[in-house]
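Asks: Sharing a structure with you now.
The values are calculated or read from the model by the stated rules, or taken from the named source; none is laboratory data. A quick note: this is a predicted structure, and the numbers were derived from the prediction, not measured. Here Cβ is always computed from backbone atoms with ideal geometry, including for glycine, and neighbour counts include all displayed protein chains.
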Amino acid sequence: KQEVTQIPAALSVPEGENLVLNCSFTDSAIYNLQWFRQDPGKGLTSLLLIQSSQREQTSGRLNASLDKSSGRSTLYIAASQPGDSATYLCAVKHGTGNQFYFGTGTSLTVIP
Amino acid sequence: GAVVSQHPSWVICKSGTSVKIECRSLDFQATTMFWYRQFPKQSLMLMATSNEGSKATYEQGVEKDKFLINHASLTLSTLTVTSAHPEDSSFYICSAHSPGQGGKTQYFGPGTRLLVL
């Protein structure tokens, strides 16, 4: 069974710092990997989607990489802002239309 | 992009009562919907997969007689928590699968927070 782990569980950084969130998964036969943001008490906002054949995706200050063979993905956030404070979840899928396996999440706090 | 709604957004109920949560795909037809549950400070865990016109598939440890799922149309799935207990208090999120959207084929609802007193 797929297990997705995220490190660290919580992170607190001063505004302006660059940071990296880590995600690892045990079954490398994935279809795609997606990074989400979840604000307290809210649903999910999709940030970046990486197909299994891709190595990275970028959107604004966010860059996500994928190393499928080693079962790892990273989310890089440049020049962090207080508005980036949220919980970040990574999730993998094994096929189109299939369920997501979610990671444990990283709670990020960016201090003004 | 595609939109998925959930109703209600939050609900408080007494122990022993039943609560129905709706998940709707507003601008696309969803052949498959997924129901997730999230306890405080934990990640989302899949409860069941709902396929239009057929019985839902439940994950191990999820009681199908307690969590009734109905996917009667291509735009609506409902989750009914029967005889709710305080330990059922959680955040319930649905996602809807759209076959025609390429790799990004699932869209998440905003979630429903359930509090059972």
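Asks: Within the stretch A:54-74, can one find any residue that is touching a Gly at 6+ places or on another chain (Cβ under 6 Å), surrounded by 15 or more Cβ atoms within 10 Å (Cβ to Cβ) and hydroxyl-bearing (Ser, Thr, Tyr)?
Replies: No, the stretch A:54-74 has no match at all.
Asks: Can A:Val110 be described as surrounded by 16 or more Cβ atoms within 10 Å (Cβ to Cβ) and more than 30 Å from B:Thr31 (Cα to Cα)?
Replies: yes
Asks: Something else: Is it true that some residue in the stretch B:42-53 is over 25 Å from A:Ser107 (Cα atoms), modelled with pLDDT of 95 or more and more than 13 Å from the chain's Cα centre (by Cα)?
Replies: no
Asks: Can you find a residue in the stretch A:65-77 that is within 14 Å of chain B (Cβ to nearest Cβ) and more than 12 Å from A:Leu11 (Cα to Cα)?
Replies: Checking the stretch A:65-77: at least one residue is within 14 Å of chain B (Cβ to nearest Cβ) and more than 12 Å from A:Leu11 (Cα to Cα).
Asks: Let me ask something else about it. Out of A:Leu47, A:Leu33, A:Leu89, report the one residue that is over 15 Å from B:Ser43 (Cβ atoms), within 15 Å of the chain's Cα centre (by Cα) and surrounded by 15 or more Cβ atoms within 10 Å (Cβ to Cβ). Outline the logic, then answer.
Replies: On the way: A:Leu33 fails: over 15 Å from B:Ser43 (Cβ atoms); A:Leu89 fails: over 15 Å from B:Ser43 (Cβ atoms).
Testing whether each residue is over 15 Å from B:Ser43 (Cβ atoms), within 15 Å of the chain's Cα centre (by Cα) and surrounded by 15 or more Cβ atoms within 10 Å (Cβ to Cβ) leaves just A:Leu47.
Asks: Return yes when A:Leu49 is among the aliphatic types (A, V, I, L, M) and within 11 Å of chain B (Cβ to nearest Cβ) and no when it is not.
Replies: yes
Asks: How many residues does the stretch A:22-43 contain that are among the aliphatic types (A, V, I, L, M) and either within 14 Å of chain B (Cβ to nearest Cβ) or free of Cβ contacts under 8 Å to residues at least 60 places away in the same chain (or both)?
Replies: So the answer is 2.
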